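In what follows, a single structure is set out as structure tokens and then discussed.
The values are calculated or read from the model by the stated rules, or taken from the named source; none is laboratory data. Being a predicted model, the structure only gives us computed values, none of them experimental. Here the Cβ positions follow ideal geometry from the backbone for every residue, glycine too, while neighbour counts run over all protein chains shown.
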Amino acid sequence: MKLHQQTDLRSDEFGFGLIEIMVSMFLLALLAVFFLPTLIQSMQITVTNTTTATASQLVAAQLDQVRALTPDCDTVAAFDDVTPPATTDARGTIYQPHVTVGACPATFPGVVQVDVWVTEQGKPLDRLAEAVTLVYVGTQAVVTP
């Protein structure tokens with residue numbers, strides 16, 4: 001009885017041949033062709049989502065500043081005259097917030113509509129994020145002589 005089976009290997013049958021290597025390279029290239037567009041699209045979506053998230057945070061910050069003001073109409077209306085500073089993110093995108101304050105109500109207490117939106121510098125018509133809120137105002141500001 002034989003304990004070991006010996007196989008006769010010829011010297012030209014060791015390792016991979018050129019055909020096997022070429023086929024494997026072709027298959028890898030085919031996989032790369034299928035996954036490359038998906039990778040590029042996911043990177044573009046990531047940039048868009050990051051831009052939208054940053055713009056939304058800036059809108060929320062502007063609304064918080066308006067809500068923190070003294071609740072009189074003149075103080076809130078004066079916020080319309082202030083141009084908020086631009087913000088630059090880590091990628092170098094420059095965001096410019098914009099604020100529009102509506103008219104004071106005829107009777108008090110009342111509400112004033114505040115519109116806030118953010119654009120990318122150089123693209124003033126493309127609103128990245130926007131919000132509208134109503135701010136409670138209790139009185140007209142008292143002017144002391």
Matching residues, segment 73-85, being closer than 22 Å to Asp126 by Cα and surrounded by 14 or more Cβ atoms within 10 Å (Cβ to Cβ) | Asp80, Pro84
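With the structure loaded, tell me whether Val137 is more than 14 Å from Gln57 (Cα to Cα) and either aliphatic (A, V, I, L, M) or in contact with a His (Cβ under 7 Å, 6 or more places away or on another chain) (or both) or whether it fails that test. Quick ask: steps written out before the conclusion?
On the way: more than 14 Å from Gln57 (Cα to Cα): yes; either aliphatic (A, V, I, L, M) or in contact with a His (Cβ under 7 Å, 6 or more places away or on another chain) (or both): yes.
The answer is yes for Val137.
Restricting attention to segment 79-130, and to residues there that are of a type in the set (Phe, Trp, Tyr) and assigned to a strand (DSSP E or B), which single residue is nearest to Asn49 (Cα to Cα)?
Within segment 79-130, the subset of a type in the set (Phe, Trp, Tyr) is 79, 95, 108, 117.
Applying the additional criterion that residues be assigned to a strand (DSSP E or B) yields 95, 117.
Working: Tyr95: 14, Trp117: 17 Å.
Among those residues, the one meeting the criterion is Tyr95.
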Keeping to segment 67-105, report how many residues are modelled with pLDDT under 90 and farther than 20 Å from Tyr136 by Cα.
-> 1
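Looking at segment 67-103, which of its residues are among the hydroxyl-bearing types (Ser, Thr, Tyr), within 27 Å of the chain's Cα centre (by Cα) and within 17 Å of Val116 (Cα to Cα)?
Taking segment 67-103 as the starting set, the residues that turn out to be among the hydroxyl-bearing types (Ser, Thr, Tyr) are 70, 75, 83, 87-88, 93, 95, 100.
Still in the running and within 27 Å of the chain's Cα centre (by Cα): 83, 87-88, 93, 95, 100.
Hits for segment 67-103 are Thr83, Thr87, Tyr95, Thr100.
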